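S.K.: Take this structure first; my questions come after.
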Amino acid sequence: MGKTVLDLKNFNVTYVNKHQRVYAVKNASFKINKGDSLGLVGESGSGKSTLAMALLRLLPLKTTEISGAANFIGKDLVKLSEKELRKIRWKELSAVFQKSMNSFSPVHKIGTQVEDIYRVHEPGAKKKEIFEKFSYLLELVKLSDRVYSSYPHELSGGMLQRVSIAVSLINDPELLVMDEATTALDVVTQGEILDEVVKMEKELDMTRIMITHDMSVVATSCNKVAVIYAGEIMEVGLVKDVLKNPLHPYTKGLLNSFPSLKGENKELQGISGFLPDLSQKYEGCIFSSRCDHVMDICKNKKPKQLKEEGRLLNCHLYGGGN
Ligand code: ATP
Ligand code: SF4
């Protein structure tokens, strides 16, 4: 097992405004080790992007409260000053989003923009050094180094998203967060990019969080999975275990809502009901209103996270109703 890159402990994110508080991430706890690729999966509105944005501290201070601990290679991201954060954000901790391809300026060549980005952390870097480094990354995402002297409008959406991935790696990050980074692309391009990311990761010994609502993305590009529901982590484990034998009722429901990952015909069942109102606090299990296995205890006692069969689980069905 590699060293721990990220250790989340009781991590909370709350959006606050004059009228309400929205408890978007609650008590999230899990670890990511070097070389891991962890898929963070859950239905829309479950808090995936909030968790990523909060880790990068990209949420506005005025309207967000973050608490708990997020130890990232020895530094607590929750406590770092803005000045300390600037030293690591986009360098040790990098990210690529669904809309990253739209963030290039249309009036400058890609190479000029890459040089500006690289020099934020390496002010003295020479053009040649940056070109050589970026050409290597372009090759990893299967693009020619001609891209360097292209304007964004000369590239397709898929190519620009590949460029965004290459840019996110320019400073050799310890941890890369990919937030629905391939979702907007067609299935073939998405598949190609995911294959490249997995190969690249081995070559660069990278660690990744993959935010997605799509289990097939987790199955093809991750070794670990964390399942999140209404801001709470439900199950964490190895992809090969969780996808084959999900233990948490929500994970089972989520997997039943997707076509079989092995291509077998099966009836899609979905999960009846809706996400709860996140501006309310819930005494018991947050999934209780939709769970087929709900018991009396579930309605008034929140399950504690425990280890079972090599996973982390938050459910009273395990651990004897902890
Ligand atoms: P999706 O897959 O649709 O992107 P998600 O799992 O990434 O969803 P988030 O976007 O993190 O979920 O949203 C989590 C919850 O926080 C949702 O209930 C959302 O409505 C709420 N939320 C997001 N941004 C804000 C905000 N700025 N103010 C208040 N509530 C917010
Ligand atoms: Fe279902 Fe109870 Fe487990 Fe929640 S704690 S998932 S309600 S069985």
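S.K.: Round to a whole number: what % of the accessible area of region 75-190 belongs to carbon and sulfur, probe 1.4 Å?
M.R.: 55 percent
S.K.: So, one more: Work out the charge dipole of the chain with +1 on the Cβ of Lys and Arg and -1 on the Cβ of Asp and Glu about the Cα centre, then indicate which of 81, 6, 169 is farthest towards its positive end.
M.R.: The one lying farthest along the dipole's positive direction is 81.
S.K.: With the other protein chains left in place, how much accessible area per residue, in square angstrom, belongs to the chain at a 1.4 angstrom probe?
M.R.: Computed with neighbouring chains in place, this is 49 Å² per residue.
S.K.: For a quick protection proxy, order the peptides 172-178, 124-130, 230-236 by their average other-Cβ count within 10 Å, most packed first.
M.R.: The peptides rank, most packed first, as 230-236, 172-178, 124-130.
S.K.: Whole Å is fine, so just give me how far the alpha carbon centre of region 8-22 lies from that of region 38-111.
M.R.: One Cα centre to the other: 16 Å.
S.K.: Now for a different question. Under the 0.36 nm per residue contour assumption, what length would be gained going from the current alpha-carbon distance of residue 183 and residue 156 to full extension?
M.R.: Computed gain between residue 183 and residue 156 is 8.2 nm.
S.K.: Relative contact order, percent, of the chain when contacts are C-alpha pairs under 8 Å separated by at least 6 residues?
M.R.: Here the relative contact order equals 21 percent.
S.K.: In addition: Using only alpha carbon pairs under 8 Å that are at least six residues apart, calculate the relative contact order of region 181-317 and give it in whole percent.
M.R.: Dividing the mean separation by the residue count of region 181-317 yields 18 percent.
S.K.: I'd like the FRET efficiency for residue 283 and residue 87, computed as 1/(1 + (r/R0)^6) with the beta carbon distance as r and R0 of 51 Å, rounded to 0.05.
M.R.: According to the calculation, E is roughly 0.75.
S.K.: Students often check this: by mean Cβ neighbours within 10 Å, which of 112-122, 217-227 ranks highest, and how do the rest follow?
M.R.: The peptides rank, most packed first, as 217-227, 112-122.
S.K.: In debye, nearest 20: dipole of region 1-138 around its Cα centre with unit charges on the Cβ of K, R (+) and D, E (-)?
M.R.: So the magnitude is around 240 debye.
S.K.: Protein chains only, probe 1.4 Å: how do 146, 21, 208, 162 rank by accessible area, largest first?
M.R.: Reading off the accessible areas and sorting them downward yields 146, 21, 162, 208.
S.K.: How much net charge surrounds residue 234 when only the other residues with a Cβ under 15 Å from the Cβ of residue 234 are counted, with Lys and Arg +1 and Asp and Glu -1?
M.R.: +2
S.K.: Okay, moving on. Taking a 28 Å limit on the Cα-Cα distance, which of the listed pairs 3/126; 34/281; 34/91; 62/252 fall beyond it?
M.R.: Listed pairs above 28 Å: 3/126; 34/281; 62/252.
S.K.: Next question. Which value, in debye to the nearest 20, describes the size of the charge dipole of region 172-223 about its Cα centre when Lys and Arg Cβ atoms bear +1, Asp and Glu Cβ atoms bear -1, and nothing else is charged?
M.R.: 140 debye
S.K.: Let me ask another. Quick one: work out the % antiparallel among DSSP beta bridges in the chain, nearest 5.
M.R.: Bridges in the chain are about 60 percent antiparallel.
S.K.: Please give me the summed charge of the neighbours of residue 302: other residues whose Cβ is under 15 Å from its Cβ, Lys and Arg +1, Asp and Glu -1.
M.R.: So the surrounding residues net to +2.
S.K.: Of 42, 112, 123, which is farthest on the positive side of the dipole of region 1-141, counting Cα position, with +1 on Lys and Arg Cβ, -1 on Asp and Glu Cβ, and the Cα centre as origin?
M.R.: Toward the positive end, the furthest listed residue is 123.
S.K.: Using a ≥ b ≥ c from the Cα gyration tensor of region 1-106 (square roots of the eigenvalues), is it rounded, prolate or oblate, where a/c under 1.5 gives rounded and otherwise the larger of a/b and b/c decides, a/b for prolate?
M.R.: rounded
S.K.: Let me ask another. Can you compute the FRET efficiency between residue 204 and residue 18 using 1/(1 + (r/R0)^6), with r the Cβ-Cβ distance and R0 = 41 Å? Round to the nearest 0.05.
M.R.: With a Förster radius of 41 Å, E is 0.35.
S.K.: Follow-up question, since we're still on this one. Could you give the dipole magnitude of the chain about its Cα centre, charging the beta-carbon of Lys and Arg +1 and that of Asp and Glu -1, in debye to the nearest 20?
M.R.: Here the size comes out at about 900 debye.
S.K.: Here is a follow-up. Set the Förster distance to 45 Å, then compute FRET efficiency between residue 44 and residue 126 from the Cβ-Cβ distance, nearest 0.05.
M.R.: My answer for the efficiency is 0.50.
S.K.: Can you tally the net charge around residue 284? Count Lys and Arg as +1, Asp and Glu as -1, for every other residue whose Cβ sits under 14 Å from the Cβ of residue 284.
M.R.: Net charge in that neighbourhood comes out at +4.
The values are calculated or read from the model by the stated rules, or taken from the named source; none is laboratory data. Bear in mind the structure is a predicted one, so any value in this text is a computation, not a measurement. Methodologically, a virtual Cβ is constructed for each residue, glycine included, from the backbone with ideal geometry; neighbour enumeration extends over all protein chains shown. Accessible surface is based on the protein model in full, side chains and every heavy atom, while ligands, DNA and RNA are left aside. Shrake-Rupley method; radii C 1.70, N 1.55, O 1.52, S 1.80 Å.
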